[in-house]
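Peer 1: Before we start, here is the structure in question, set down as structure tokens.
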Amino acid sequence: MDSKKRDLHQRAAFMCPTCKQSVPAEIHRHKSLGIFVPVWRAGPCENPDCPEYTTPREWRARHRSHH
């Protein structure tokens with residue numbers, strides 16, 4: 001990989017707590033000592049049979065209201 005390109009691959013494996021299937025990682029930023037630091041979090045469950053399943057639009061709307 002070219003050293004100038006950022007590595008955007010998943011940093012850690014996240015699992016849905018309900019159905020135990022893997023979920024995508026999402027990157028958020030957190031301000032610490034005046035700079036923004038990346039924070040990796042679990043994304044939405046993509047399994048439609050899971051009770052925790054949400055569409056990407058619902059997921060963004062729910063998490064945008066917290067900020």
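Peer 1: For the stretch 39-67, enumerate the residues that are among the aromatic types (Phe, Trp, Tyr) and either closer than 12 Å to Cys16 by Cα or modelled with pLDDT of 85 or more (or both). Let's see the steps before the verdict.
Peer 2: So the first thing to find is which residues in the stretch 39-67 are among the aromatic types (Phe, Trp, Tyr), and the list is 40, 53, 59.
Trp40, Tyr53 - these are the residues of the stretch 39-67 that are among the aromatic types (Phe, Trp, Tyr) and either closer than 12 Å to Cys16 by Cα or modelled with pLDDT of 85 or more (or both).
Peer 1: Could you go through the stretch 15-35 and let me know if any residue there is touching a helix residue (DSSP H, G or I) at 6+ places or on another chain (Cβ under 6 Å) and either modelled with pLDDT of 80 or more or assigned to a loop (DSSP other than H, G, I, E, B) (or both).
Peer 2: Pass one, the stretch 15-35, residues touching a helix residue (DSSP H, G or I) at 6+ places or on another chain (Cβ under 6 Å): none.
No: zero hits.
Peer 1: Which of the residues belonging to the stretch 36-51 are part of a loop (DSSP other than H, G, I, E, B) and not polar (S, T, N, Q)?
Peer 2: Once the filter is applied, which keeps residues that are part of a loop (DSSP other than H, G, I, E, B) and not polar (S, T, N, Q), the stretch 36-51 yields Gly43, Pro44, Cys45, Glu46, Pro48, Asp49, Cys50, Pro51.
The values are calculated or read from the model by the stated rules, or taken from the named source; none is laboratory data. Everything numeric in this text was worked out from a predicted model, so none of it was measured. Using ideal geometry, Cβ is built from the backbone for each residue, glycine included, and neighbour counts are taken over all protein chains shown.
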